[in-house]
1. Which one of these is free of Cβ contacts under 8 Å to residues at least 60 places away in the same chain and either within 21 Å of residue 283 (Cβ to Cβ) or out of contact with any strand residue (DSSP E or B) (no Cβ under 9 Å at 6 or more places or on another chain) (or both): 40, 9, 56?
2. Hey, any hits in region 129-140 for a residue that's touching a residue at least 60 places away in the same chain (Cβ under 8 Å) and under 24 Å from the mean Cα position of the chain (by Cα)?
3. Can you pull out the residues in region 292-324 that are farther than 21 Å from residue 366 by Cα, within 15 Å of the ligand (Cβ to nearest atom) and in contact with a strand residue (DSSP E or B) (Cβ under 7 Å, 6 or more places away or on another chain)?
4. Any chance you could count how many residues in region 358-385 are part of a loop (DSSP other than H, G, I, E, B) and in contact (Cβ under 8 Å) with a residue 12 or more places away in the chain?
5. For residues that are away from the ligand (no atom under 12 Å from the Cβ) and within 19 Å of residue 111 (Cβ to Cβ), tally how many sit in region 3-17.
6. Can you name the residue in region 277-291 that is more than 8 Å from the ligand (Cβ to nearest atom) and crowded, with 24+ Cβ neighbours inside 10 Å and is also nearest to residue 161 (Cα to Cα) among such residues?
7. Across region 260-269, which residue is surrounded by the fewest Cβ atoms within 10 Å (Cβ to Cβ) among those that are near the ligand (Cβ under 8 Å from one of its atoms) and more than 20 Å from residue 328 (Cα to Cα)?
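The values are calculated or read from the model by the stated rules, or taken from the named source; none is laboratory data. In this text, all values refer to a predicted model and were calculated from it rather than measured experimentally. Using ideal geometry, Cβ is built from the backbone for each residue, glycine included, and neighbour counts are taken over all protein chains shown.
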Ligand SMILES: Cc1cc2nc3c(=O)[nH]c(=O)nc-3n(C[C@H](O)[C@H](O)[C@H](O)COP(=O)(O)OP(=O)(O)OC[C@H]3O[C@@H](n4cnc5c(N)ncnc54)[C@H](O)[C@@H]3O)c2cc1C
């Protein structure tokens, strides 16, 4: 089976790495990132990259920056984050993939089509490398980021935002290295301060703020900067801004049509959140992990297609909705400017997708789950307090245990149930207690 991966960010590269390690033939078609961007990476994201097999990821990201936040006006210095320049990071990741034999074509994809028995990729201009243009692929992974063309209508979109970034230098080295998060009346800022005194400042505002068009972005950036307190104190008054201001628009979006029997979207092309969450790269990497069993199932167990598609679609919706709800809570917690459009839009953001289905009572439901690298349907215990469903407690399959308890005669000991399940008695006892405590064994 040969798989074509579009894009060259963390979603494309992690997908390609996992697919290659799973034994697929993979080729990547991705134009390198254009816009300058510095981003924060969590330890979880780094662990995901390492688990995917990206050797040297830890050395590349280096030591964490300490994170200072002045949300709600409260100064908090806490756990750090790794800081990466995205163009360098993506390039380094792509280099690693090449070193293990994944072909990567640095090329702008114009369109993909499924004319006869496989995906064909067409390129912008006359840039197709010899022998590539007529290649056919069995499966397509679209990880072209938030600019990927739509497959179907979006299912949900959040408020449009704009990020404006400018590097600075004040020439004065500092002890350690920091990031600063600071809200102000029309948005918030995230600054990176390296130990050599250089860094970058990013401000996030609503697109509505840029009334006079994008040509005034530089002026607007400086006006916003003057509203910051702690960040400027920490950076020091002698800082000099670089002449290059870069900007990128964004809109949290849950895409429609994210998976079909022979294609899947991963990363921002599947769903993208608000930069406030700081989870974008994590979602790209974890999305690649979630896509692998789905792809295995679609390619090798076509009778399970429906479950695989449901699994991936439900997952995307669940994560996107929970991130949007959490984001609204965080924005609402900064109540100093909730009369301002930026804060009002984000604090009171809601959607009909926020309404969760309510279950009349706890019960067992057949749901698609991951098992041995494929998507299969199994019974899980679901209730309003456990809406995602729980399958195992301490290695004990709750459905099997509940079924056994039902057919067992009163007076049977936990030992006999454990021996039926070939599991240790304390584990079975703990799972039994969990079923009782969560109201899954009402009739017993
Ligand atoms: C302002 C802002 C700040 C952010 N800050 C953070 C942060 O601090 N931490 C964090 O984890 N996340 C952050 N994010 C989110 C993060 O950037 C994304 O979630 C993440 O990069 C998604 O990875 P991806 O691989 O899906 O897409 P991308 O990283 O966008 O990669 C898509 C790739 O596809 C390529 N491509 C696009 N179109 C084509 C085409 N037609 N042909 C070929 N190639 C193409 C692009 O050049 C690009 O390299 C931020 C996002 C924004 C907007």
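1. On the way: 40 fails: free of Cβ contacts under 8 Å to residues at least 60 places away in the same chain; 9 fails: free of Cβ contacts under 8 Å to residues at least 60 places away in the same chain.
Within the list 40, 9, 56, the selection yields 56.
2. yes
3. 320, the sole residue that qualifies.
4. So in region 358-385, the residues part of a loop (DSSP other than H, G, I, E, B) come out as 358-362, 372-373, 383-385.
Keeping just the survivors that are in contact (Cβ under 8 Å) with a residue 12 or more places away in the chain gives 358-359, 361-362, 373, 383-385.
Residues that pass the stated criteria total 8.
5. Residues of region 3-17 away from the ligand (no atom under 12 Å from the Cβ): 3, 17.
Subsequent filtering for residues that are within 19 Å of residue 111 (Cβ to Cβ) retains 3.
Residues in region 3-17 being away from the ligand (no atom under 12 Å from the Cβ) and within 19 Å of residue 111 (Cβ to Cβ): 1 in total.
6. Ranking the candidates gives 285 first.
7. Going through region 260-269, the residues near the ligand (Cβ under 8 Å from one of its atoms) turn out to be 266-269.
Adding the requirement that they be more than 20 Å from residue 328 (Cα to Cα) leaves 266-267, 269.
Working: 266: 35, 267: 31, 269: 29.
It comes out as 269.
Listed here are the residues, each with its yes/no results for (1) out of contact with any strand residue (DSSP E or B) (no Cβ under 7 Å at 6 or more places or on another chain); (2) on the phi > 0 side of the Ramachandran plot; (3) at pLDDT 90 or above.
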position: 366; (1), (2), (3): no, no, yes
position: 380; (1), (2), (3): no, no, yes
position: 385; (1), (2), (3): yes, no, yes
position: 395; (1), (2), (3): yes, yes, yes
position: 414; (1), (2), (3): yes, no, no
position: 442; (1), (2), (3): yes, no, no
